[in-house]
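Participant: I have a structure I would like to understand better, so I am pasting it below and will then ask my questions one at a time.
Only the coordinates and a few stated rules stand behind these numbers; no lab work does. Small disclaimer: the values here were computed from a predicted structure and weren't measured. With ideal geometry, Cβ positions are generated from the backbone for all residues, glycine too; neighbour counts draw on all protein chains shown.
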Amino acid sequence: MAQGSGLTRGDRNRNRKIAVLRGVVARDRAVLAVDLGEDKQAAALVDHEGRVLARKVVKAKAHQLGGLLEWAAGRAARAGFAGLAVACEPTGHRWKALMGAADGAGHGFCCVQPVAVARAREGDDYTRDKTDHRDAYLIGRLAVRLDCYVPGRRGRGCGTWARAGSPWPAMWSRGGSRSGTCWRARGRPRWGRRPGRCSR
């Protein structure tokens with residue numbers, strides 16, 4: 001139902017989500033898009049016009065990408081950007097290592113859904129051809145369009161997992177209307193009665 005402002009609840013929630021995303025993928029930040037692999041990572045540094053500023057392929061594990069972030073930050077500063085936002089697909093476990101490295105370096109971090117990348121691949125040239133370089137660019141292009149999301153972080157102790165940008169933050173933390181939230185290995189919350197100890 002629209003209130004005095006003329007905005008519906010969906011409008012306000014959507015606006016809140018956009019504000020959270022814009023805070024991460026700020027206009028003064030270049031986007032480092034990484035197509036994660038087992039031993040090889042393809043990266044593309046993209047500006048907000050969708051132009052590729054630089055590319056790099058790193059033969060390393062996902063938890064060894066500190067040097068890649070330093071390289072990208074330097075290239076972004078050389079191009080006139082004040083910071084860096086890192087984007088990738090949340091596949092497997094590798095994205096969590098990249099998120100930790102980005103958080104530790106003070107960069108923004110967001111994820112792009114694999115289905116969105118697949119659709120962008122088809123819309124790019126009407127084919128489903130997949131290459132690491134192409135996927136890295138598509139991830140970056142989706143991120144600058146804010147077709148992404150900010151993953152939640154694990155807080156301190158049981159029940160402190162928060163979903164970034166959620167319009168109902170109390171329902172995602174201890175003490176809300178759904179108390180007893182526990183962090184599980186796959187990063188999904190489980191509802192139930194407040195346990196004596198957090199089962200992991």
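Participant: May I ask which of LYS56/LYS130; LYS56/LYS96; LYS96/LYS130; LYS17/LYS40; LYS40/LYS130 have a Cα-Cα span longer than 26 Å here?
Facilitator: Checking Cα-Cα distances, LYS17/LYS40 exceed 26 Å.
Participant: Among the GluC sites (Glu not before Pro) within region 1-85, which fall in a DSSP loop and have no more than 14 other Cβ atoms within 10 Å of their own Cβ?
Facilitator: Taking region 1-85 and a limit of 14 other Cβ atoms within 10 Å, the loop GluC sites (Glu not before Pro) found are GLU38, GLU49.
Participant: Using a Förster radius of 25 Å, what is the FRET efficiency between ALA118 and ASP39 based on their Cβ-Cβ separation? Nearest 0.05, please.
Facilitator: 0.60
Participant: Also: What is the order of TRP71, TRP95, fewest Cβ neighbours within 10 Å to most?
Facilitator: The order, fewest Cβ neighbours first, is TRP71, TRP95.
Participant: Show me, for region 104-110, the HN-Hα J-couplings you get by feeding each phi into the Karplus relation (A = 6.51, B = -1.76, C = 1.60, θ = phi - 60°), rounded to Hz, glycine and proline as x.
Facilitator: So the Karplus estimates, Gly and Pro as x, are x, 8, x, 9, x, 8, 8 Hz.
Participant: Same structure again: Starting from 0.36 nm per residue, how many nanometres of slack lie between HIS48 and ARG12 once their C-alpha separation is accounted for?
Facilitator: Gain on stretching HIS48 to ARG12: 10.5 nm.
Participant: Each residue of region 5-19 in turn: what ³J(HN,Hα) in whole Hz from Karplus with 6.51, -1.76, 1.60 and θ = phi - 60°, glycine and Pro shown as x?
Facilitator: In residue order, the calculated couplings are 6, x, 9, 7, 4, x, 4, 5, 5, 5, 5, 5, 5, 5, 5 Hz.
Participant: What base-10 log of the normalised intensity I(q)/I(0) is obtained for region 27-73 from the Debye formula, alpha carbons as equal point scatterers, at q = 0.20, 0.23, 0.26, 0.29 Å⁻¹?
Facilitator: -0.61, -0.77, -0.93, -1.08
Participant: Quick one: 3J(HN,Hα) in Hz for region 48-61, Karplus 6.51/-1.76/1.60 with θ = phi - 60°, rounded, Gly and Pro as x.
Facilitator: 7, 9, x, 8, 7, 8, 6, 9, 7, 10, 10, 8, 7, 6
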